[in-house]
1. May I ask you to compute the full-extension gain from residue 256 to residue 410, defined as 0.36 nm times their residue separation minus their alpha-carbon distance, rounded to one decimal in nm?
2. By accessible area of protein heavy atoms, probe 1.4 Å, what ranking do 184, 296, 9 get, highest first?
3. Taking 0.36 nm per residue of separation and subtracting the Cα-Cα distance, what length does fully extending residue 6 through residue 362 add?
4. Rg/Rh for the stretch 290-406 to two decimals, with Rh computed the Kirkwood way over all alpha-carbon pairs.
5. For residue 37 and residue 268, compute 0.36 nm times the residue count separating them, minus their Cα-Cα distance, and round to one decimal in nm.
6. Kindly provide the pair-distance distribution of the chain built from C-alpha pairs, with 10 Å bins from 0 and whole-percent values in order of increasing distance.
7. Which log10 I(q)/I(0) values does the stretch 200-359 give at q = 0.19, 0.20 Å⁻¹ under the Debye formula, counting every alpha carbon as one identical point scatterer?
8. Where the accessible area of the chain is counted over protein heavy atoms with a 1.4 Å probe, how much of it, in %, is carbon and sulfur?
Amino acid sequence: MSNDYRKMWEDLGLDLPAHDSLLETLGKGYKEIYMNQKGRPEGMEYFDFVIREVHGLRIRELLDEKSAGKKVIGAFCVFVPEEIVRATDATLVGLCTGAEFATEEVEKLLPRNTCALIKSAFGFKLGKVCPFIESADMIVGENTCDGKKKAYEILKDIVSDLYVMDMPQMKSNKGRELLSNEYWRFKEVMENLTGVNIDAKRLKKGIQIVNNKRRAMHRLYALRKAEPVPISGLDALLINQICFYDDPVRFSNSVNRICDEIEKRIEKKDGVFHEGTPRILISGCPMAIPNWKLPWIIETSGAVIVGEESCVGERGTRNLVDDTGVTVEELMDAIVERYFQIDCAIFTPNTERLNHIIDMYETYDADGVIHYSLQFCQPYLIESMTIEKALEEKNIPTLRIETDYSMEDIGQLRTRIEAFIEQIK
Ligand code: BJ8
């Protein structure tokens, strides 16, 4: 990375030695996991570039936008409506939550048995290694799981401008009303922060930009149904992860470009795994950069991932917002309608999620489901048991995995996954 970037990180208040070590670990992990894959589509070059520049050029772009008077908003959850952020010309970025960092410091503030995702968010802040969190004008938290909502009470003292959005826990009329009220409140907060009045034209434009991003992802997902599989699950995950950071218009164009290439590959029956490779559907907690552990083990154990029932995957991007409304009220209603369908495990009951898993299993012609929960994540861990039972009743082979971001359990995970793949072959 150039000296220019070093100055930028220093100005953002990052701890440069700690940041150097983070980048080195990231780079090493990335090389080992991504660069060793064979036959990747050429279009992955763009995403390799983005990941290389995730703390470089992308941060420079965000800082340039800020100098031009625009705002950067950081978030931890797919319930934060990007359409509203876009309508004010601000940029929404997903904050880093996929690796262990500054654990000792974190455990002075949070109990040890807090899920890795929450600890990671704190670790990146306390370790001063995340340029996204330091660039953000406002960070949006959401009262989803208990872990997050209690953690925000502590996070508010270590970040400036934390805004917390309340969240329904049930898909009832009352729940919908709560979400709607919260989105209107968020709209007002965004207007005050940016000085931009969100009218119907702006909101529609925001909706269209985000819809286009989702459309491109839907196109990519659909291509993964092919046999032999034309893109690895690791590469698809990377694209899903970059979806949270990149400029949305450029990102959508790049995804569409790789889809054009993949379509040609499919015509030639050119796959990244040979025909007949066991096809896995992953379901569960989100996997933020650089959490590639489980997919890497699966795809180096003789199987290929064909879909992710996850917020960094189909749960996060499915369903478009209806953009046909003409008033702000109609468009806001359409936004609420779309987000209220997200079947996160924080909802009770949450039967839609089970139906979606079964639907994805069938659509992607999967041979088995691997359910992934982070340790201490009660919503997904508890749901995983009902899901396993329901899937097994339908004779869908299922493996339940509980892990964290450490590398200590790689051997044990590999043994269990290899045995599962053997069983479904
Ligand atoms: S919409 S999945 S992004 S809340 S892993 S912090 S649930 S204890 S991340 Fe999520 Fe939004 Fe739901 Fe999606 Fe809590 Fe579990 Fe930790 Fe989690």
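The values are calculated or read from the model by the stated rules, or taken from the named source; none is laboratory data. Since the model is a prediction, treat every value here as computed from it, not as a measurement. For neighbour counting, all protein chains shown are included, and Cβ atoms are generated from backbone atoms with ideal geometry for every residue, glycine included. When the accessible area is computed, the model is the full protein with side chains, heavy atoms only, and any ligands, DNA or RNA have been set aside. Shrake-Rupley method; radii C 1.70, N 1.55, O 1.52, S 1.80 Å.
1. Numbers: separation 154, 0.36 × 154 = 55.44 nm, distance 3.44 nm.
Separation in residues times 0.36 nm, less the Cα-Cα distance, equals 52.0 nm.
2. Result of the area sort, largest leading: 184, 296, 9.
3. 123.3 nm
4. 1.03
5. Values: separation 231, 0.36 × 231 = 83.16 nm, distance 1.99 nm.
Between residue 37 and residue 268, full extension yields 81.2 nm more.
6. Binned Cα distances yield the sequence 4, 22, 33, 28, 11, 1.
7. Log-scaled intensity ratios, in q order: -1.26, -1.34.
8. Looking at the chain in its full context, I get 50 percent from C and S.
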